[in-house]
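Take a look at the structure set out below.
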């Protein structure tokens, strides 16, 4: 199975360098829509319901301190070649729909969607609060498959 770094590298190979926030949201939507379309995760790593939307903590640790993330900022042992053709097609669909949106727009969109909102509510997190509550893959699959 691919991991979040393989996914990030693939996205960066298609779009070039991106803001850290936009990369996080595109990875999140790649996971969400793969769960909806294929009924299985794209990668095992989780997302947490941070104040600015879903964030993969392991991906964040990799690009911590960077506003703009490039392909070379990903681990050298990760590769978009770890993704199947079907997985790449799913990510391509996500890029086609969300890729031209800016990071703030994507963040605001996640704030309107049930998986992020429910995770924040479970943690009793108020707007702007630090929150590490995991957004469950089940909630992502349930929500996005219903759209």
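From helices alone, the chain scores -16500 deg cm²/dmol at 222 nm; the rule is -39500 (n - 2.57) for each run of n ≥ 4 DSSP H residues, then divide by the residue total.
Among (i) 1.22; (ii) 0.93; (iii) 1.34, find the value of Rg/Rh (Cα atoms, Kirkwood Rh) that was calculated from the structure presented, and write down its label. It is the one labelled (ii). When the square roots of the Cα gyration tensor eigenvalues are ordered a ≥ b ≥ c, the ratio a/c for the range 38-102 is under 1.5, which makes its shape rounded. With a Förster radius of 25 Å, plug the Cβ-Cβ distance of residue 112 and residue 79 into 1/(1 + (r/R0)^6) and report the FRET value to the nearest 0.05. Efficiency at R0 = 25 Å is approximately 0.15. Taking 0.36 nm per residue of sequence separation and removing the Cα-Cα distance, the residue 142/residue 129 pair yields an extension gain of 2.1 nm.
All of the numbers you see were taken from the coordinates with simple rules; none came from a lab. A quick note: this is a predicted structure, and the numbers were derived from the prediction, not measured. Methodologically, a virtual Cβ is constructed for each residue, glycine included, from the backbone with ideal geometry; neighbour enumeration extends over all protein chains shown.
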